[in-house]
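Shown next, in structure tokens, is the structure this report addresses.
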Amino acid sequence: MDGIVGWDAVLEGHLAAEQCKVLASARIGMAGAGGLGSNCAVFLARTGIRDFVIADPDVVALSNLNRQHFFPRHLGLPKVEALGAVLRELNPSVILRLEQRALDGPSACGLFAGCDIVVEAVDDPEVKKSLVEALLLAGHRVVSASGMAGWGGVPMTARKLGSRLVVVGDHVSGIGPGMPPLAPRVVMAAAMEADAVLEMLLGECS
């Protein structure tokens, strides 16, 4: 094989043609490409999303490898470039706009104009709050996450807050001393964000 996979063939045994069409035509904004954003984007790409706008200011550091969808070969690269390479390796037909920059509310609204849904995937609680508020005010549908630190603990849930916002996580476990960000719960939250995106999109053609 030449390594090129036709994603219609990958998904046709799992999803109806109309569902595949909806996913392939959607554009998803990713505000962050770390533990939440990198894993969520890969989950979405595996499910048929092909068009992403991704923003993150950081580079891949050694400490990121415990929970983010990167590998030692990506160390020192901008996270958006590393994630772009992962997504293209998985599906060379993906359409990517990659921006190595931090976001605030106004810049996020401009960058993600035209996106069907925006996934909030930043670490700082104040930035998270300002992004979500600005995106909702601009009319975007948003999937956010809150509470994924440590291990065990409170079960994670998905809360629908109005018609355009879903927040996943355990809603209490912030990162701090004795509560590190570890792969199992971070990836769990990322998977729940991806699932919430799919529910928003596929609910339109069910």
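The values are calculated or read from the model by the stated rules, or taken from the named source; none is laboratory data. All figures in this text were calculated on a predicted structure; none of them were measured in a lab. Please note: Cβ atoms are built from the backbone with ideal geometry, for glycine as well, and neighbour counts cover all protein chains shown.
Got a number for residues in the range 19-61 being closer than 16 Å to Ala196 by Cβ, in contact with a strand residue (DSSP E or B) (Cβ under 9 Å, 6 or more places away or on another chain) and assigned to a loop (DSSP other than H, G, I, E, B)?
3
Within the range 174-206, which residues are crowded, with 21+ Cβ neighbours inside 10 Å and either at positive phi or of a type in the set (Gly, Ala, Ser) (or both)?
Ala189, Ala190, Ala194, Ala196
Among the candidates Val10, Val53, Val42, Val22, single out the residue that is modelled with pLDDT of 95 or more, surrounded by 15 or more Cβ atoms within 10 Å (Cβ to Cβ) and more than 24 Å from Gly169 (Cβ to Cβ). So that I can check it myself, show each step before the final result.
Working: Val10 fails: modelled with pLDDT of 95 or more; Val53 fails: more than 24 Å from Gly169 (Cβ to Cβ); Val42 fails: more than 24 Å from Gly169 (Cβ to Cβ).
Step by step, each of Val10, Val53, Val42, Val22 is checked, and only Val22 is modelled with pLDDT of 95 or more, surrounded by 15 or more Cβ atoms within 10 Å (Cβ to Cβ) and more than 24 Å from Gly169 (Cβ to Cβ).
Filter the range 121-142 down to residues that are free of Cβ contacts under 8 Å to residues at least 12 places away in the same chain and over 18 Å from Lys160 (Cα atoms) and give me whichever is surrounded by the most Cβ atoms within 10 Å (Cβ to Cβ).
Per the criteria, the residue is Asp124.
In the range 168-190, what residues are of a type in the set (A, V, I, L, M, F, W, C), farther than 14 Å from Met30 by Cα and not in a strand (DSSP E or B)? Reasoning before the result, please.
Initial filter on the range 168-190 (of a type in the set (A, V, I, L, M, F, W, C)): 168, 172, 175, 179, 182-183, 186-190.
Still in the list and also farther than 14 Å from Met30 by Cα: 168, 172, 175, 179, 182-183, 186-189.
Matches in the range 168-190: Val172, Ile175, Leu182, Ala183, Val186, Val187, Met188, Ala189.
Could you list, ordered by first residue, the pairs with Cβ atoms under 7 Å in which the first is in the range 64-92 and surrounded by fewer than 22 Cβ atoms within 10 Å (Cβ to Cβ) and the second is assigned to a loop (DSSP other than H, G, I, E, B) and among the small types (Gly, Ala, Ser), at least 6 apart or interchain?
Close Cβ pairs satisfying both conditions: Asn64/Gly34.
Picking from Glu89, Glu81, Glu133, Glu99, which residue would you name as being out of contact with any Gly (no Cβ under 8 Å at 6 or more places or on another chain) and farther than 16 Å from Ala33 by Cα? Break it down into steps so the answer makes sense when it comes.
Values: Glu81 fails: farther than 16 Å from Ala33 by Cα; Glu133 fails: out of contact with any Gly (no Cβ under 8 Å at 6 or more places or on another chain); Glu99 fails: farther than 16 Å from Ala33 by Cα.
Every option except Glu89 fails the conditions.
Identify, from the list Pro92, Pro72, the residue that is over 28 Å from Ser163 (Cα atoms) and touching a Leu at 6+ places or on another chain (Cβ under 9 Å). Explain how you work it out, then say what you get.
Working: Pro92 fails: touching a Leu at 6+ places or on another chain (Cβ under 9 Å).
Residue meeting the stated conditions: Pro72.
Output the qualifying pairs, or none if there are none: Cβ atoms under 6 angstrom, residues six or more apart or on different chains, first residue in the range 19-48 and on the phi > 0 side of the Ramachandran plot, second residue of a type outside the set (S, T, N, Q) and part of a helix (DSSP H, G or I).
Gly48/Leu11; Gly48/Cys20; Gly48/Leu23; Gly48/Ala24
Go through the residues of the range 155-167 one by one and say whether even a single one is in a strand (DSSP E or B) and either of a type in the set (D, E, K, R) or at pLDDT below 95 (or both). Outline the logic, then answer.
In the first step, residues of the range 155-167 are kept if they are in a strand (DSSP E or B); the result is 157-160, 165-167.
Subsequent filtering for residues that are either of a type in the set (D, E, K, R) or at pLDDT below 95 (or both) retains 159-160.
Yes, that holds for at least one residue.
Checking the structure you have, find out if any residue of the range 100-121 is of a type in the set (Lys, Arg) and more than 21 Å from Met200 (Cα to Cα).
Going through the range 100-121, the residues of a type in the set (Lys, Arg) turn out to be 101.
With more than 21 Å from Met200 (Cα to Cα) added as a condition, the list becomes 101.
Scanning the range 100-121, I find at least one residue that is of a type in the set (Lys, Arg) and more than 21 Å from Met200 (Cα to Cα), so the answer is yes.
Considering (1) within 18 Å of Asp56 (Cβ to Cβ); (2) surrounded by fewer than 19 Cβ atoms within 10 Å (Cβ to Cβ); (3) touching a strand residue (DSSP E or B) at 6+ places or on another chain (Cβ under 7 Å), say which one Gly114 fails and leave the rest.
That leaves (1) as the condition not met.
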